[in-house]
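Student: The structure that follows is given in the form of structure tokens.
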Amino acid sequence: MRRNRSILFVGGGRITSALCSGLRLGKYRREIVVYDPNPDKLRALRAESRVTIADDFHEALSRVEILIVAVRPGSVPGVLQEIADCGTSPGLCVSLAAGIPLAALRRFVAKPVRWVRAMPSPVSRVGRGLTAISFEPGVSMRERARIHELFKTVGQVIELPERNFDAFTATYSSSHGYHALATLASAAQRAGLDQRTALTAAAHALADGIHYWRESGLKLDDLLQEAVTPGGIAAATMEAMDKSGYRKAVQKGIQAGISQARRNAASQKISKAVPRSI
């Protein structure tokens, strides 16, 4: 059966919604197909991003060029079992499941499928996301270019060795920004600012500094020295934060995230699966 140039998302959750919105915003030209057993999610996606709804997973799988597995790690074994049971699949499969290594995916659904891992950001919704990708050796240069093209539509793309994926996942999450914003604004309120002013000041402190660093091309160390004048308010603030264990707390948080990703991977039955060829 002849395949078209469309992509198929399995899973209609938040990351699929963000990617579909970002792809439409970036004027991605190819058909976007979504399969999910939840009809409410599909209706919302169709209204929001004009996606094509797949009623039959097996039939949709036989027609698309790229399959994107966009479900939680705990749901990955069931999706892979469906792919293996179909007897056919796209040649190129992309897993967005955090912590599930290529080797585990490959052991469950083997050749001729070529596997890619990708870790996109929910900020892809507005075209300013960041996506890490890692390819298994069998992925051709042309296929690699297709994956780069797809994710560049929604933001920046970084190709990483798979061994660095868990560290990237724990580091790049937009939750760091939200957590820092909430923490800084809360401290400002305790110091006497009203909620709106506290949030405004904290948001500018974080966003303006990062924007300036990105646009200026200056080194981060130079900007820190420029902003933190010895004997000044900023210097006293940063020094007190560091003495309170700020750096150590962030390092421990990153390590906790990496450990959780590894626990997620270890808990999945796909790591012990028998290879299935399509």
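The values are calculated or read from the model by the stated rules, or taken from the named source; none is laboratory data. As the structure is a computational prediction, the values presented were derived from the model and not from experiment. For neighbour counting, all protein chains shown are included, and Cβ atoms are generated from backbone atoms with ideal geometry for every residue, glycine included.
Student: Take the residues in the stretch 58-75 that are in contact with a Cys (Cβ under 6 Å, 6 or more places away or on another chain) and crowded, with 18+ Cβ neighbours inside 10 Å; name whichever of them is nearest to Pro101 (Cα to Cα).
Tutor: Going through the qualifying residues, I end up with Leu67.
Student: Which of the residues that make up the stretch 50-73 are outside any loop (DSSP other than H, G, I, E, B), in contact (Cβ under 8 Å) with a residue 24 or more places away in the chain and touching a strand residue (DSSP E or B) at 6+ places or on another chain (Cβ under 7 Å)?
Tutor: Result: Thr52, Phe57, Ala60, Leu61, Ile66, Leu67, Ile68, Val69.
Student: In contact with an Asp or Glu (Cβ under 7 Å, 6 or more places away or on another chain), outside the structural domain of Leu206 (by TED's automatic domain parsing) and crowded, with 16+ Cβ neighbours inside 10 Å - does that describe any residue in the stretch 119-134?
Tutor: yes
Student: Under 8 Å between Cβ atoms, which residue pairs at least 6 apart in sequence (or on different chains) link something in the stretch 146-169 that is farther than 23 Å from Arg30 by Cα with a partner that is of a type in the set (Lys, Arg)?
Tutor: Listed pairs, sorted by first residue: Glu162/Arg117; Phe165/Arg117; Asp166/Arg262.
Student: From the list Asp55, Asp36, Asp40, exactly one residue is buried (at least 17 other Cβ atoms within 10 Å of the Cβ) and farther than 25 Å from Asn164 by Cβ. Which is it?
Tutor: Only one candidate qualifies: Asp36.
Student: Right, another one. Within the stretch 104-124, identify whether any single residue is under 30 Å from Tyr178 (Cα atoms) and basic (Lys, Arg), and answer yes or no.
Tutor: Within the stretch 104-124, one or more residues are under 30 Å from Tyr178 (Cα atoms) and basic (Lys, Arg).
Student: May I pose another question? Out of Arg263, Arg247, report the one residue that is modelled with pLDDT under 95, out of contact with any helix residue (DSSP H, G or I) (no Cβ under 6 Å at 6 or more places or on another chain), over 30 Å from Ala103 (Cβ atoms) and assigned to a helix (DSSP H, G or I).
Tutor: Exactly one of Arg263, Arg247 is modelled with pLDDT under 95, out of contact with any helix residue (DSSP H, G or I) (no Cβ under 6 Å at 6 or more places or on another chain), over 30 Å from Ala103 (Cβ atoms) and assigned to a helix (DSSP H, G or I), namely Arg247.
Student: Something else about it: Is at least one residue of the stretch 185-195 under 30 Å from Leu102 (Cβ atoms), of a type outside the set (Val, Ile, Thr) and assigned to a helix (DSSP H, G or I)?
Tutor: No, there is no match, as no residue in the stretch 185-195 is under 30 Å from Leu102 (Cβ atoms), of a type outside the set (Val, Ile, Thr) and assigned to a helix (DSSP H, G or I).
So that you can scan it fast, the table gives a plain yes or no per residue for (1) of a type outside the set (Lys, Arg); (2) over 20 Å from Leu184 (Cβ atoms); (3) surrounded by 10 or more Cβ atoms within 10 Å (Cβ to Cβ):
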position: Ala198; (1), (2), (3): yes, no, yes
position: Tyr212; (1), (2), (3): yes, no, yes
position: Asp222; (1), (2), (3): yes, yes, yes
position: Gly231; (1), (2), (3): yes, yes, no
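Student: Further question: Under the condition of being crowded, with 19+ Cβ neighbours inside 10 Å and of a type outside the set (A, V, I, L, M, F, W, C), which residue from the stretch 90-102 is nearest to Val113 (Cα to Cα)?
Tutor: Pro90
Student: Out of Thr183, Thr200, Thr169, which single residue is polar (S, T, N, Q), modelled with pLDDT of 90 or more and in contact with a strand residue (DSSP E or B) (Cβ under 8 Å, 6 or more places away or on another chain)?
Tutor: Thr169
Student: Right, something else. When the stretch 1-48 is examined, which residues are found to be part of a helix (DSSP H, G or I) and among the basic types (Lys, Arg)?
Tutor: Hits for the stretch 1-48 are Arg14, Arg24, Lys41, Arg43, Arg46.
Student: So is Ile83 farther than 18 Å from His148 by Cα, over 22 Å from the mean Cα position of the chain (by Cα) and surrounded by 21 or more Cβ atoms within 10 Å (Cβ to Cβ) or not?
Tutor: Spelling it out, Ile83 is indeed farther than 18 Å from His148 by Cα, over 22 Å from the mean Cα position of the chain (by Cα) and surrounded by 21 or more Cβ atoms within 10 Å (Cβ to Cβ).
Student: Go through the stretch 77-119 and give me each residue that's at pLDDT 90 or above and not in a loop (DSSP other than H, G, I, E, B).
Tutor: Within the stretch 77-119, Leu92, Cys93, Val94, Ser95, Leu102, Arg114, Trp115, Val116, Arg117, Ala118, Met119 qualify.
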